[in-house]
Amino acid sequence: MTSPPREPRGAGEDVLDVGPAPDVPHPVLGWRTWRLGRRAQRRTDLIAPLAGLPWPSRQAMVAFCASPTHAPPGDRCGCGLYAVADPGRLDWGPSDHEVLGVVALWGQVVEGTRGWRASHGYPRFVVTGPAIAEEQRAALARRYGVPVHRSEVPPRVLAAQLGADRARADALRRGSDAEVATALAAGMPEWRRRWSAGQAAAETACRPRRRGWRRR
Amino acid sequence: MVHNQPLVRGVPRGSVLPVDIGPVRQRFTAEPVSSPVPGEPSAEPVIELVRDEPAHDAPTHVPAEPAR
């Protein structure tokens, strides 16, 4: 495993002095999004949606910061690998190839009130939408060596529904591979029903009123 | 939320952050015992077995030499 270098603390450095740092022997688990590549060569790439960088397979993603004053994650800088505790807080882009997942973060970690930024990360599991084919999911799972699940609702819808059910979201975030698979399978009918009901309500609201022809 | 600090390689200043993690609460080091990366060796703690019995061929008591 990659052992990150200890961040030096010096005068004028962009690091808050928060006292003795508690070391934990496990990674921090948080929700985040990735985007799947559309081109044939990148269809098994998990791509950081903002930076557009592919996460490496079978090795840790290491954060990079252009600032010479600190190594990621700086306390007063936005650098580092992101994750949040509440999947409902994730932002989504326009791509229908974005996926939801849980990432393991470790190394130097900055904890905020809603999530974390860290120096090292690797996907824990991924949930794709129904638009992603079985073959692509299988190839993704083989490449990264992590479970890739299929959601019957778009990942952004799943994230929003999990955001409203934090107990279930936390159980998924911290669960074992088997527990995650079981919980997703158990919850999917309910999530699909809610999504379908929401879509039907939206269609009803948007349907134009039938207006009779009127002679002028 | 728009950032004006360097974020990660390839992200221009002024772009939108993916998510807001809120004000910093604490900073710590997480060093997992088992690697989150599949296939990587785990950083298992090394346990040294220390034998607390004296060896049979070693003298347990050495008589003091008489003072001259």
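The values are calculated or read from the model by the stated rules, or taken from the named source; none is laboratory data. Since this is a predicted model, take the numbers as computed values, not measurements. Cβ coordinates were reconstructed from backbone atoms using ideal geometry, including for glycine residues, and neighbour counts include every protein chain displayed.
Here are the numbers for the structure shown:
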item: All positions within segment A:86-129 that are surrounded by fewer than 21 Cβ atoms within 10 Å (Cβ to Cβ), facing chain B (nearest Cβ under 9 Å) and hydrophobic (A, V, I, L, M, F, W, C); result: none
item: Every residue from segment A:123-155 that is basic (Lys, Arg) and out of contact with any Leu (no Cβ under 8 Å at 6 or more places or on another chain); result: A:ARG137, A:ARG142, A:ARG143, A:ARG150
item: Given (1) in contact with a Lys or Arg (Cβ under 7 Å, 6 or more places away or on another chain); (2) farther than 22 Å from A:ASP23 by Cβ; (3) not polar (S, T, N, Q), number of the condition A:ALA104 does not satisfy; result: (2)
item: Test result for A:ASP45, charged (D, E, K, R) and within 9 Å of chain B (Cβ to nearest Cβ); result: no
item: Hits in segment A:25-67 - residues which are among the hydroxyl-bearing types (Ser, Thr, Tyr) and either touching a helix residue (DSSP H, G or I) at 6+ places or on another chain (Cβ under 8 Å) or modelled with pLDDT of 90 or more (or both); result: A:THR33, A:THR44, A:SER57
item: Leading residue by the ranking (modelled with the lowest pLDDT) among those in segment A:110-152 that are out of contact with any Ser or Thr (no Cβ under 9 Å at 6 or more places or on another chain), over 18 Å from B:ILE21 (Cβ atoms) and part of a loop (DSSP other than H, G, I, E, B); result: A:ALA131
item: Pairs where the first residue, in segment A:49-73, is closer than 19 Å to A:LEU36 by Cβ and within 10 Å of chain B (Cβ to nearest Cβ) and the second is assigned to a loop (DSSP other than H, G, I, E, B) and of a type in the set (Ser, Thr, Tyr), C-beta under 7 Å, 6+ apart; result: A:LEU50/B:SER15
